[in-house]
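Read-outs throughout are calculated quantities, based only on the coordinates presented, and are distinct from any laboratory measurement. The structure displayed is predicted, hence computed values, not measured ones. So basically every Cβ, Gly included, is an ideal-geometry build from the backbone, and we count neighbours across all protein chains shown.
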Amino acid sequence: MLVSNKVRMNRLFQHGKCLDVAIDHGIANEPDFLIGLENIEGVMENLIAAQPDAIQVNYGQADLLQQIAGRKPALVMRTDVGNAYNAARHREMWAVLHNPDEPILAALQMDAAAVVVNLYLIPDEPGIFRMCVENIGRLRQACDRYAMPLMIEPLVMAPAGQGAAYGSLGDVEKIVPLVRLARELGADIIKADPTENVEDFHRVVEAARCPTLVRGGGKGELAPVLAKSAALMAQGASGMVYGRNVYQHDNPSRVVKALMAIIHQGASGPDALDIYQQG
């Protein structure tokens, strides 16, 4: 008998909330993403000890999580790779599934609780947008067959020449339609950028009509990150998918503890900072 979508969702979400720590950045082929991930085995060991709800990786690193016996975070597996995160815009932009013929086979073999895929909206790059839609279509069919939750990551990317090529934008007027599209394509979970004005994020949640996790983006100063995280939870977010805002800080385990307090206990930003500082 197949494990139902609900059972896998329950492994991710505790009382409807989730902290997913993403360390899948090695697939971006961008050196600054790897700062803090050089010793991936050590990072994984420390994160498992910190006990977030989930850890997000690519297939090639999933064994570091799943070979561990006993209580551990759920596995979220990325399914796609592309060149949208590189510092220089490429002549040809692309995004493809690791395994287009059997796109969630590896996730099933590794006992993942969910899979994640990008939906890039990049100005003047309709080709990569079409590839993402096709990727999602293949994944949705496979996820339906095997009751695997599908997390879609809709990203409104910056135009060429506006900041880093891989920079995403917090424009609510652009994020909301793209999130709605992701839901229309069959998202079970949305991973979305925070809006420039935090008080607009409820519009993203309303468009998603499914659990909505906030994407962390680049590393920020910890106190503002925690304060913003608490404010986003107040807007209806179901949690966070943070990577560099965890593993690039001095003590990632304490960051996890602080974020878990915000997500699961309703801690304020200052209270969470106290938790981090007290260890």
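Subtract the Cα-Cα distance of residue 250 and residue 81 from 0.36 nm times their separation in residues, and report this length gain in nm to one decimal. Don't skip to the answer; put the middle values down first.
Working: separation 169, 0.36 × 169 = 60.84 nm, distance 2.84 nm.
This chain segment gains 58.0 nm when fully extended.
Size of the dipole of the chain about the Cα centre, Lys and Arg at +1 and Asp and Glu at -1 on the beta carbon, nothing else charged, in debye to 20?
Numbers: 25 positive and 32 negative charges, 132 e Å.
Computed about the Cα centre, the dipole is about 640 debye.
Taking the Cα centre as origin and putting +1 on Lys and Arg beta-carbons and -1 on Asp and Glu beta-carbons, what dipole magnitude results for the range 146-279, to the nearest 20 debye? Intermediate results must be reported in sequence, preceding the final value.
Working: 12 positive and 14 negative charges, 60 e Å.
Around 280 debye, computed over the range 146-279.
What FRET efficiency do you get for residue 92 and residue 278 if R0 is 45 Å and r is their Cβ-Cβ distance, rounded to the nearest 0.05? Numbers along the way, then the final one.
Working: r = 50 Å, r/R0 = 1.11.
Step by step, r from the Cβ atoms, then E = 0.35.
Once you put a point 7 Å from the Cα of residue 10 and another 7 Å from the Cα of residue 102, both along the Cβ direction, what distance in nm separates them?
2.8
Find the centroid of the Cα atoms in the range 242-279 and in the range 14-49, then give the distance between the two in whole Å.
15
Name the most mobile residue of 245, 118, 29, meaning the one with the largest mean-square fluctuation, in a Gaussian network model of the chain with Cα contacts below 10 Å.
Fluctuation is largest for 29.
On full extension of the chain, what length is gained from residue 206 through residue 144, given 0.36 nm per residue of separation minus the C-alpha to C-alpha distance?
Details: separation 62, 0.36 × 62 = 22.32 nm, distance 2.36 nm.
Between residue 206 and residue 144, full extension yields an extra 20.0 nm.
In nm, give the distance between the simple-model label positions of residue 173 and residue 111, each being 7 Å from the Cα along the Cα-to-Cβ direction.
Each label point is offset 7 Å from its Cα along the Cβ direction, giving 4.9 nm.
Express the Stokes-Einstein translational diffusion coefficient of the chain in µm² s⁻¹, to the nearest whole number, given a Kirkwood radius over alpha-carbon pairs, 37 °C and a viscosity of 0.692 mPa s.
Numbers: Rh = 18.6 Å.
In µm²/s, the coefficient rounds to 176.
For a test of the definition: using alpha carbon positions, the gyration tensor, and the 1.5 limit on a/c, classify the range 118-218 as rounded, prolate or oblate.
Values: a/c = 2.18, a/b = 1.28, b/c = 1.71.
In terms of gyration-tensor shape, oblate.
Straight-line reach only, C-alpha to C-alpha below 30 angstrom: list the lysines that residue 6 could link to, leaving out same-chain residues fewer than 8 apart.
Within the straight-line limit of under 30 Å, residue 6 reaches these lysines: 17, 72, 191, 228, 257.
Can you work out ³J(HN,Hα) from phi for every residue in the range 201-215, in order, using Karplus 6.51 cos²θ - 1.76 cosθ + 1.60 and θ = phi - 60°, giving whole Hz and x for Gly and Pro?
5, 4, 5, 5, 4, 5, 5, 6, 6, 7, x, 10, 9, 8, 7
For the chain, build the charge dipole from Cβ charges (+1 Lys, Arg; -1 Asp, Glu) around the Cα centre, then report which of 46, 118, 75 sits farthest towards its positive end.
Among 46, 118, 75, the one farthest towards the positive end of the dipole of the chain is 75.
DSSP beta bridges in the range 145-245, what fraction antiparallel, as a percent rounded to 5?
Working: 1 of 9 bridges.
Taking every DSSP beta bridge with both residues in the range 145-245, the antiparallel ones total about 10 percent.
What fraction of the DSSP beta bridges in the chain is antiparallel, stated in percent and rounded to the nearest 5?
Values: 5 of 34 bridges.
Restricted to the chain, the bridges split so that about 15 percent are antiparallel.
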